[in-house]
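Comments concern the structure below.
The values are calculated or read from the model by the stated rules, or taken from the named source; none is laboratory data. Note that this is a predicted model, so its numbers are computed, not measured. Cβ placement follows ideal geometry from the backbone for every residue including glycine, while neighbour counts extend to all protein chains displayed. Protein only, heavy atoms only, side chains kept; ligands, DNA and RNA dropped before computing areas. Shrake-Rupley method; radii C 1.70, N 1.55, O 1.52, S 1.80 Å.
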Number of protein chains: 2
Amino acid sequence: MTYCVGLKLDAGLVLLSDSRTNAGLDNISTYRKMFFFEEPGERVIVVTTAGSLSVTQTTMARLQEAIDDPDSDETTSIMQAGSMLQVATIIGATLHRTCREIAEQTRELNQQASASMIVAGQRRDGEMRMFLIYPQGNFIMATEDTPFLQIGEHKYGKPILDRVVTPETSLADAQKAVLLSMDSTLRSNLSVGMPLDLAVVERDDLRVSHRRRILEGDPAFMEMSAAWSAALRDSFGKVTI
Amino acid sequence: MTYCVGLKLDAGLVLLSDSRTNAGLDNISTYRKMFFFEEPGERVIVVTTAGSLSVTQTTMARLQEAIDDPDSDETTSIMQAGSMLQVATIIGATLHRTCREIAEQTRELNQQASASMIVAGQRRDGEMRMFLIYPQGNFIMATEDTPFLQIGEHKYGKPILDRVVTPETSLADAQKAVLLSMDSTLRSNLSVGMPLDLAVVERDDLRVSHRRRILEGDPAFMEMSAAWSAALRDSFGKVTI
């Protein structure tokens, strides 16, 4: 399992992913699930992934291969695509092809091989965009009404986002919101685990403005988690029914 | 879908259920999912149900039929059973038989017909007990370490329970906790809906000490919900990362 969340705000994009993968409960590993494609000043794309590792790794490798291919053009390379919509289309097509191929290979094992992704970014003179891409390659966009997208184990961490995130939320508050959302998920689902990858892309900055890896036992994260628990219990004491 | 939660505390039992059922998104109805079996001073049993309505209604009808049968004994009637463990065993067997029969009938439609239940109560000179009964008829018990059980859409409402519920929680706080847990679920899953049924069984009271139906637009519930949202946002403002 996995938990990734992305916010598209007036001030910029905020993404957070965990890094636990597991094949059964007795085979647990750490893999980064956040990927950056950046040409500072020109374009910035952040991708987070959830699902079968074989699908996501192959998809990411194919995207990179297309970027490196000297014959690539705006229909195959996400670094040449003319819009974020085109970026999402390329990633969707690559993801779908990979899902289909691996599903074919593993059919006789009756195993699932699927993945979904959050893709966010901006190119020069373009709008900031954030997409949730499904295994079939189609996608939806974050909007004013729904400024956040989630993949993987999304339920535990949704109530806090529902309550505090609007397009006007500041980037500082947004980072806090995604970290608290992750904190609730980490507590409830063993298959979501540290370290965490956090990225912020400020509007029109056209680069990854800020990135941070939060390791197990990170003092600031632990302090925030404890303070939030204390604040929740405190609030709980004050509410009456 | 459904959300039911039960707490087994030192001070007593607290149960809450929603009442929405749906067959698809365009066929929504209200059905009570909380049932009482009571012989005041002798025994009290509260059952909440999640799953296929045809399974839960048939199961409840069969339990009632066994109670009313003049030939019933402690192995067939939950009102004669010698312990709460025996009550859970009878309900588990009835539920499993019903699930199996209906699954058989609907097999050619390739439809799911399954249900699970929370069963809580106490009989004179016995301990308070709370069970989660699976469609297969087996069950688990609430314990000191895990004083709450959930069925149905359990994820959205779990973080608040994790943080505030311990065996020492008072019955007043427990009612608040289950209502806030339900509130988070109602916001996130359309297939969970008002009205709500709330029941409290105080330790050794051997009756339903307190029951309440909370209707759509209930002023106290709405006020609590708004106060909790405000308190959460307030807490959010105070936590730093």
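Points to keep in mind about this one:
- Between helix B:84-105 and chain B: long-axis angle, C-alpha atoms, 0 to 90°, nearest 10: 80 degrees
- Heavy atoms of the protein chains alone define the surface here; on that basis chain A has 44 Å² accessible area per residue at 1.4 Å probe size.
- Relative contact order of the stretch B:77-169, defined on C-alpha pairs under 8 angstrom at six or more residues apart (%): 24 percent
- Inter-chain neighbour count for A:224-236: the average number of beta-carbon atoms from partner chains within 10 Å of each residue's beta-carbon is 6.
- Neighbour cut-off at most 16 other Cβ (10 Å), DSSP loop, chymotrypsin sites (Phe, Trp or Tyr not before Pro), the stretch A:1-69: A:Tyr31
- Against chain B, whose longest principal axis is taken from its Cα atoms, helix B:171-188 shows a tilt of about 80°.
- Shown for B:Gly82: label points 7 Å from Cα along the beta-carbon vector, and their distances to the equivalent points in the other copies, 8.3 nm in ascending order.
- Largest first, the extents of the alpha carbon coordinates of the protein assembly as shown on the three principal axes equal 86, 53, 41 Å.
- Distances between equivalent label points of A:Ser29 across the copies, with each point positioned 7 Å along Cα→Cβ, amount to 5.1 nm, shortest listed first.
- Label-reachable residues, the stretch B:1-34, where backbone N falls under 20 Å from a point 7 Å from B:Leu215's Cα toward its Cβ: B:17-21, B:29-34
- Charge dipole (debye, nearest 20) of the protein assembly as shown; +1 at Cβ of Lys and Arg, -1 at Cβ of Asp and Glu: 260 debye
- Note on the stretch A:70-138: semi-axes of the ellipsoid equivalent to its C-alpha gyration tensor, largest first and rounded to whole Å, are 28, 14, 6.
- Summary of packing: across the peptides A:10-21, B:50-61, the per-residue average of other C-beta atoms within 10 Å ranks them, highest first, as A:10-21, B:50-61.
- Share of Cα-Cα pairs in chain A lying beyond 23 Å, as whole percent: 49 percent
- Cβ crowding within 10 Å averaged over residues, with A:40-49, A:214-223 ranked highest first: A:40-49, A:214-223
- Cα lying deepest toward the dipole's positive end in chain B, options B:Ile151, B:Leu132, B:Thr94, charges on Cβ: B:Ile151
- Under the criterion of Cα pairs below 8 Å and six or more residues apart, the relative contact order for the stretch A:189-241 equals 25 percent.
- Note on B:Ser72/B:Asp10: beta-carbon distance plugged into 1/(1 + (r/R0)^6) with R0 of 41 Å gives a FRET efficiency of 0.75.
- Chain B, rotation onto A, residue closest to that axis via Cβ, with its distance in Å: B:Lys155, 2
- Exercise: per-residue mean of other protein chain Cβ atoms within 10 Å, A:159-166: 5
- Position A:Asp204: other-copy label points at 7.2 nm, ordered by increasing distance, label point 7 Å along Cα→C-beta.
- When you filter the trypsin sites (Lys or Arg not before Pro) in the stretch B:77-170 for DSSP loop state and at most 13 other Cβ atoms inside 10 Å of their Cβ, you are left with B:Arg124.
- In the stretch B:63-151, the GluC sites (Glu not before Pro) that fall in loop regions by DSSP, at most 12 other Cβ within 10 Å: B:Glu127, B:Glu144
- The C-alpha radius of gyration of the stretch B:27-141, expressed as a fraction of 2.2 N^0.38 Å, stands at 1.07.
- For the chain pair B and A, the buried solvent-accessible surface (1.4 Å probe, both sides summed) amounts to about 3300 Å².
- Using C-alpha pairs below 8 Å separated by at least 6 residues, the relative contact order for chain A is 28 percent.
- The C-alpha atoms of chain A define a longest principal axis, and helix A:219-238 lies at about 50 degrees to it.
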